[in-house]
Amino acid sequence: MEFHQLRYVCAIAETGSFSRAAERCQVAQPSLSQQVLKLEEDLGVKLFDRLGRSLRITEAGRAFLPHARSILHQMEAARSSVAGKSKDVSGSVAVGVIPTIAPYLMPRYTATFARRYPEARLRIIEETTPVLVESLRNLSIDLAVLALPLRHKDLECIPLLTEPMFAVLPKDHPRAHAETLSLKELRGETFVMLRDGHCFRDLSLAACSHARVTPRIAFESGQFRSLFGMVAAGMGVSLVPQMAMDLSAGCAYVRLSDPRAARTVVAATLRGRSFNHVQQAFLRGIQP
C-alpha cells in the first residue's frame, strides 16, 4: 500500500470519476487506474465497481475510505510539523568551547546570535578538547569550537581562522622590542605554560620540538592571565595565541617567525548528524 494510492482512492470517491481524479492529482489517467487496480489486488477486494462510463464505490470501498483519509490527514500533519520545525527560531543550541578560545572569541558570536534569535536558547560549555569530543559523540553538545590538530575520523571540521603565536616576554627582556623572533632564540629560557589537558600546551610543545627547543617549565596554570602575571614578574617566558594577548598585563609580545607557530581554530561537528534551524544559524554565524 502506497501513499499515492490512498490519494487516488480518495480523489476518485470525491470526484466520482477516474478522469477527474487524475486531473486533481495531476497524473495520467492510465497510471492512476493502474495504481488503484494494484491496490485492490493487494487488498484482495474491489473498491470501485466500474459500470460502463460510471462507477460506484463498493461496500469494501466505503469501509476503506475513512481509514485512507485518516492516514492522509496524519501524513499531512506530520509534514506540516516537520516544516514548522525547520523554520523554528525558538529552538536550542549547545556549543562547547575550549578555555583558550572561549573568553576571547565567543562573546562576539553569542552577542550577535542573541540579537538575531532572541527566542533561541543558547548554552555555552567551556571544557578541554577530550571532554568536548566525547560530548559531541554522546550528543550532549551540538558543535564545538576547537583547535587543530584533531585526529578523530567521526568529526567534521570547518576552519574558522588561523592565528599566529606570540612569545610573551618580560618588558626588560633583550628581545622584548624585536619585530619577530624564532623559538630557537628562546633556548635556555625558563618557561611558564598551560598545564596538561590544554591543547594549546600540546601545540606549543610541538612547535618547540620542531625548533629543537626543550622548554624548562617552572610554572603551570589553566589560565593565560596567571601566565602573564608570572612573565611580568620575571619568572620566565611563555607562548600565547594572538587572540589571547593582553596588552594591560605588563608583558611584551613578539610574533614568532617559526612556520609551525600558528593555531587553526575550527568548528567541529559529529559526522552525519542533522541540525535544527537554530543550530544551523549558529554554525553559519561563526563561519568566516
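Ala114 passes every criterion in (1) among the hydrophobic types (A, V, I, L, M, F, W, C); (2) in contact (Cβ under 8 Å) with a residue 40 or more places away in the chain; (3) exposed (fewer than 13 other Cβ atoms within 10 Å of the Cβ) apart from (2). For Ser140, the conditions (1) more than 17 Å from the chain's Cα centre (by Cα); (2) at pLDDT 90 or above all hold with the exception of (1).
Among the numbered conditions (1) within 48 Å of the chain's Cα centre (by Cα); (2) modelled with pLDDT of 90 or more; (3) surrounded by 13 or more Cβ atoms within 10 Å (Cβ to Cβ), the only one that Pro30 does not meet is (3).
All of Glu41, Glu14 fail the test of being under 21 Å from Glu76 (Cα atoms), surrounded by fewer than 14 Cβ atoms within 10 Å (Cβ to Cβ) and more than 46 Å from the chain's Cα centre (by Cα), apart from Glu14. Every condition in (1) crowded, with 16+ Cβ neighbours inside 10 Å; (2) out of contact with any Cys (no Cβ under 9 Å at 6 or more places or on another chain); (3) touching a residue at least 40 places away in the same chain (Cβ under 8 Å) holds for Phe275 except the one numbered (1). Test Gln242 against the stated conditions and say whether it is in the same structural domain as Gly96 (by TED's automatic domain parsing) and under 25 Å from Leu150 (Cβ atoms). Here the answer is no, as Gln242 does not meet what is asked.
Quick check on this structure: which one of Thr264, Thr214 is surrounded by fewer than 15 Cβ atoms within 10 Å (Cβ to Cβ) and either touching a Gly at 6+ places or on another chain (Cβ under 8 Å) or at pLDDT 95 or above (or both)?
Answer to the selection: Thr214.
Once segment 1-42 is narrowed to residues that are in contact (Cβ under 8 Å) with a residue 40 or more places away in the chain and of a type in the set (A, V, I, L, M), the residue that is nearest to Ile71 (Cα to Cα) is Leu6.
Every condition in (1) at pLDDT 95 or above; (2) over 30 Å from Gly234 (Cβ atoms) holds for Ile71 except the one numbered (1).
If I filter segment 208-215 for residues that are part of a helix (DSSP H, G or I) and among the hydroxyl-bearing types (Ser, Thr, Tyr), do I get at least one hit?
yes
Okay, residues lined up against (1) under 32 Å from the mean Cα position of the chain (by Cα); (2) aliphatic (A, V, I, L, M):
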| position | (1), (2) |
| --- | --- |
| Leu181 | no, yes |
| Asp196 | yes, no |
| Gly250 | no, no |
| Thr264 | yes, no |
| Gly272 | yes, no |
| Asn276 | yes, no |
| Gly285 | yes, no |
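Against the test of being more than 47 Å from the chain's Cα centre (by Cα) and outside the structural domain of His277 (by TED's automatic domain parsing), the options Ala21, Ala68, Ala60 yield a single qualifying residue, Ala60. Taking every residue in segment 52-63 that is aliphatic (A, V, I, L, M) and pairing it with any residue that is assigned to a loop (DSSP other than H, G, I, E, B) and surrounded by 15 or more Cβ atoms within 10 Å (Cβ to Cβ), at least 6 positions away or on another chain, the pairs with Cβ-Cβ distances below 9 Å are Leu55/Ser17; Ile57/Leu47; Ala60/Lys46; Ala60/Leu47. Counting only strands (runs of 3 or more DSSP E) that fall entirely inside segment 118-207 and contain at least 2 residues that are in contact with a Gly (Cβ under 8 Å, 6 or more places away or on another chain) and surrounded by fewer than 16 Cβ atoms within 10 Å (Cβ to Cβ), the qualifying elements are 121-126.
The values are calculated or read from the model by the stated rules, or taken from the named source; none is laboratory data. Just so you know, these numbers come straight off a predicted model, no measurement behind them. Virtual Cβ from ideal backbone geometry, glycine too; neighbours counted across all protein chains shown.
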